[in-house]
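The values are calculated or read from the model by the stated rules, or taken from the named source; none is laboratory data. A quick note: this is a predicted structure, and the numbers were derived from the prediction, not measured. Note: ideal-geometry Cβ built from the backbone for every residue, glycine included; neighbour counts use all protein chains shown.
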């Protein structure tokens with residue numbers, strides 16, 4: 001009976017977290033916008049802060065998908081990287097989430113790793129490519145779903161993995177969404 005209660009309470013908590021987070025974020029943004037004085041506007045109505053919050057999120061999305069927006073975000077990245085403590089934290093977060101580029105990135109490529117019996121595949125991220133003793137081995141991090149901050153690290157021959165033509169951050173999106181809406185991984 002206690003296992004059943006624990007399992008149901010845990011499952012309910014996990015199901016509520018994204019909804020509660022969204023409600024909290026909207027309430028927070030509504031309060032912040034209201035604190036800026038929008039309640040004094042002649043055309044204020046309850047919920048205007050929510051509309052403004054959604055508009056701000058839209059603008060951020062627009063910025064990240066346009067060339068001018070990407071240039072602006074690159075300038076912001078450069079500015080943040082120069083800040084003493086915040087820069088290191090920001091850089092580490094980008095590396096862990098797979099958004100880093102060049103030599104800074106932790107995850108080089110996305111791969112599918114087949115199990116020994118070839119009955120299933122797991123998503124993995126190459127962290128290092130080593131060639132020792134005539135072996136063409138790679139080090140692959142296989143993250144857990146839906147919490148990709150933990151997982152396991154394996155050393156495997158490069159010939160035993162299938163390279164994926166997707167960015168490593170797409171692997172994180174797939175894991176966090178538990179595979180929902182991520183069919184592009186299997187189209188390649």
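For segment 80-93, what are the residues that are in a helix (DSSP H, G or I) and surrounded by 11 or more Cβ atoms within 10 Å (Cβ to Cβ)? Full working, then the answer.
Just the residues of segment 80-93 that are in a helix (DSSP H, G or I), to begin with: 80-81, 84-93.
Of everything in segment 80-93, those that are in a helix (DSSP H, G or I) and surrounded by 11 or more Cβ atoms within 10 Å (Cβ to Cβ) turn out to be 80, 81, 86, 87, 88, 89, 90, 91, 92, 93.
Residues to consider are 45, 24; find the one that is out of contact with any helix residue (DSSP H, G or I) (no Cβ under 8 Å at 6 or more places or on another chain), part of a loop (DSSP other than H, G, I, E, B) and farther than 24 Å from residue 73 by Cβ. Let's see the steps before the verdict.
Details: 24 fails: part of a loop (DSSP other than H, G, I, E, B).
After ruling out the rest, the residue left standing is 45.
Out of curiosity, is residue 116 modelled with pLDDT under 80, more than 23 Å from residue 70 (Cβ to Cβ), in a loop (DSSP other than H, G, I, E, B) and not assigned by TED's automatic domain parsing to the domain that holds residue 15?
Working: modelled with pLDDT under 80: yes; more than 23 Å from residue 70 (Cβ to Cβ): yes; in a loop (DSSP other than H, G, I, E, B): yes; not assigned by TED's automatic domain parsing to the domain that holds residue 15: yes.
Here the answer is yes, as residue 116 does meet what is asked.
Say we look at segment 138-188 and pick out the residues that are part of a loop (DSSP other than H, G, I, E, B) and more than 30 Å from residue 19 (Cβ to Cβ); which of these is modelled with the highest pLDDT? Spell out how you get there, then give the answer.
As a first pass, look at segment 138-188 and keep what is part of a loop (DSSP other than H, G, I, E, B): 144-150, 165-167, 177-183, 188.
Remaining after also requiring more than 30 Å from residue 19 (Cβ to Cβ): 165, 188.
Working: 165: 84, 188: 49.
My answer is 165.
Would you be able to say whether some residue in segment 100-108 is in contact with a helix residue (DSSP H, G or I) (Cβ under 7 Å, 6 or more places away or on another chain), assigned to a helix (DSSP H, G or I) and more than 24 Å from residue 177 (Cβ to Cβ)? Give the steps one after another, and end with the answer.
Taking segment 100-108 first, the residues in contact with a helix residue (DSSP H, G or I) (Cβ under 7 Å, 6 or more places away or on another chain) are 100, 104-107.
Then keep just the ones that are assigned to a helix (DSSP H, G or I); that gives 104.
Still in the list and also more than 24 Å from residue 177 (Cβ to Cβ): 104.
Within segment 100-108, one or more residues are in contact with a helix residue (DSSP H, G or I) (Cβ under 7 Å, 6 or more places away or on another chain), assigned to a helix (DSSP H, G or I) and more than 24 Å from residue 177 (Cβ to Cβ).
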